[in-house]
Amino acid sequence: MYNLIDKAEILVIDDFAGFRQTIKTMLLRLGAQQIDQASNGQDAIKKCLEKKYDIIFCDYNLGEGQDGQQILEELHHRNLLRPGSLFLMVTAESTRAQVMGAIEYRPDAYLTKPFTGEQLGQRLKRLATRNKIMQPIYDAQNSGQPDRVIELCDQVMAQVPKVKYSCLRIKAEQLEKLGKSAEAREMYEHISADQPVLWALIGIGRIDFQQGKVQQALQHFEEIRQNFSEQVSVLDWIARCQQTLGDLEQAEQTLLKAVEVSPKSVSRQASLGAVARQLQHTETAQKAFSKTIHEGHYSCKLQPEYYREYYDQTRQLAADASGRSLSRLVAETEAMAKRMERKFHNDPSALAANLGSAARLFSSLGKADKSQQLIKQLASAVQNPRCKLDAKDLQYLDETLKALPESSDSLRKTIEQIDQSLQQIRLEVEKQSEISPAEQAREFNRQGLQMARQKRPKEALSLFRQAIDCAIDKTNYCLNAAQIIIEHPALNCDSELLQQARHYLTELIQLEPQDVRQKRYHKLLSALDQRQQSHA
């Protein structure tokens, strides 16, 4: 057992130093040698950006800040967990909402306190033994070799039948990624006929939906629901099909059931809010967007526009409210405004997009002083050089400002200042839209080269990626992106980035034999091979 984790990079996340030390002591006795610690989500994500961990222990409750589910959510969202990495959720309580929420992001284990070193060792032994069997497959995934992954899946499950379904799942997902949907669907059907596992059943419906067979997909997901009634992933797919087919009433009911089962999903709450808004079910929409913001305060999935949606729905709700209901809305709105200001105090773009709708809401609630205060904050935000608004934001702010009552000369002058700032931003947006994609790509590339010279590789890579997205002829930009990944130590330690570099070199570049860039291309490809071999 011990040699399975003695070389593993391990991270323990808990806000209580005593418990972190307890787990560390248990792991040391089991043979672990390389153990890092983090006391909160921010520290944990930072460590995961710097190092790829093999095993992560994370307490669900971490006090102020992200909880364990939100950390796992962000690790998946930012691709910071490699295939084969183990994530173990630790908790002192197992409420239904916690368990259902965490399961959505597929932790490898759920450990309930208290547990002994022996119990921890037994759990790790099972997980580490499975990983040792699957390691060749994980290595091929990390190296970006999908055909090799499929080949190894067949080999491994033939040799070790007990990991059959793990191999089949990876193989089917790889076929989907390669665009071989028919083969993947056939696999999912064979698996489901052998054993009706949920992921295979969902795979069938997902492929049908993606191929435009929405009614067929809906019928399939409804059939799955009969046996998996509490699985929110099935409910999500049903709602998505219903929305696509235009049946918003049924989609709303499905999403209401889904958020009842698992209320912590920011995206699901926001989907419910959007559907209810379309149906003009103001109370449901307002509650959903309020819950979206409440659950999403520390989530990577929280979008600035969710605040705007909340303010707009609350304003409509307040128009018919009185007495205690109105007082409750006022108190809730004041708390929400404070939360927004804390959340986006360093993001003038997000603030500007929301301050106008907040000011309009407070004005409708009879809170003129608060409304004027927010308008002044809006003026400051749009004058900030870092404020970047798109055409949709600009149109929304125009409409919002027109709806505000100009109750004083001072307020009128402030709104005029905002209008002038918005006009300047609008000119910049229009100027950008006039630039051809090729010119945009050259500008991104120029800025990327500048970042590279300043030894800021992550910013350089981001700019090269934007150049690739804009350009028709992507060759130079792909070479630059691959080179910054391969040659810079801050990037070439990441196997997923090396996989991206291979994608840039082998899938996005087509060089003629006489092309003068052939030498550079082959030099980079050779260096990439060496880097990936060192990771294997």
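Just so you know, all these numbers are worked out from the coordinates, no wet-lab data involved. It should be emphasised that the depicted structure is a prediction, and the values quoted were computed from it without experimental measurement. Please note: Cβ atoms are built from the backbone with ideal geometry, for glycine as well, and neighbour counts cover all protein chains shown.
What residues from region 350-386 fall in the zone where the backbone N is under 14 Å from a label point 7 Å along the Cα-to-C-beta line of Ala319?
Once the point is set 7 Å along Cα→Cβ of Ala319, 361, 364-365 turn out to lie under 14 Å by backbone N, inside region 350-386.
How far apart, in nm, are two points set 7 Å out from the Cα along the Cα-to-Cβ line at Arg328 and at Ser534?
Result for the modelled spin labels: 6.2 nm.
Take Gln383 and Gln42, extend 7 Å from each Cα along the Cα→Cβ direction, and tell me the distance between the two endpoints in nm.
Result for the modelled spin labels: 2.9 nm.
Taking the chain as the reference, fit the longest principal axis to its C-alpha atoms, fit the long axis of helix 495-506 to the helix C-alpha atoms, and give the angle between the two in degrees, 0 to 90, nearest 10.
90 degrees
Exposure proxy check: Val156, Val214, Val234 ranked by fewest other beta carbons within 10 Å? Present the calculation step by step, with values, prior to reporting the outcome.
On the way: Val156 21, Val214 17, Val234 25.
So the ranking, lowest neighbour count to highest, is Val214, Val156, Val234.
Let's see if you can work this out: charge +1 on each Lys and Arg Cβ, -1 on each Asp and Glu Cβ, no other charges. What is the dipole magnitude of region 129-222 about its Cα centre, in debye to the nearest 20?
Numbers: 12 positive and 12 negative charges, 60 e Å.
That gives region 129-222 a dipole magnitude of about 280 debye.
Percent relative contact order of region 42-187, based on C-alpha pairs within less than 8 angstrom and at least six residues apart?
Reported relative contact order: 16 percent.
Only counting other Cβ atoms within 10 Å, I'd like Phe87, Phe16, Phe289, Phe344 sorted with the fewest neighbours first.
Sorted ascending by nearby Cβ count, the order is Phe16, Phe344, Phe87, Phe289.
List, in the order given, every pair from Lys24/Lys301; Lys338/Lys392; Lys301/Lys392; Lys46/Lys431; Lys343/Lys455; Lys125/Lys458 whose Cα-Cα distance in the structure shown is over 28 Å.
Lys24/Lys301; Lys46/Lys431; Lys343/Lys455; Lys125/Lys458
What angle, in degrees between 0 and 90 and rounded to the nearest 10, separates the Cα long axis of helix 323-343 from the longest principal axis of the Cα atoms of the chain?
60 degrees
May I ask you to derive the FRET efficiency for Leu511 and Val429 from their Cβ-Cβ distance with R0 = 35 Å, giving the value to the nearest 0.05?
0.45
With the alpha-carbon atoms as the only input, what is the per residue convex hull volume for the chain in Å³?
186 Å³
For Gln303 paired with Lys458, estimate the spin-label separation in nm (one decimal), with each label point 7 Å from Cα along the Cα-to-Cβ line.
2.4 nm
Specify the angular offset, from 0 to 90 degrees and rounded to the nearest 10, of the alpha carbon long axis of helix 164-177 from the longest principal axis of the alpha carbons in the chain.
So the helix axis and the longest Cα principal axis differ by about 60 degrees.
Rank the residues Cys167, Cys387 as a footprinting-exposure proxy: fewest other Cβ atoms within 10 Å of their Cβ go first.
Least crowded to most crowded, the residues run Cys387, Cys167.
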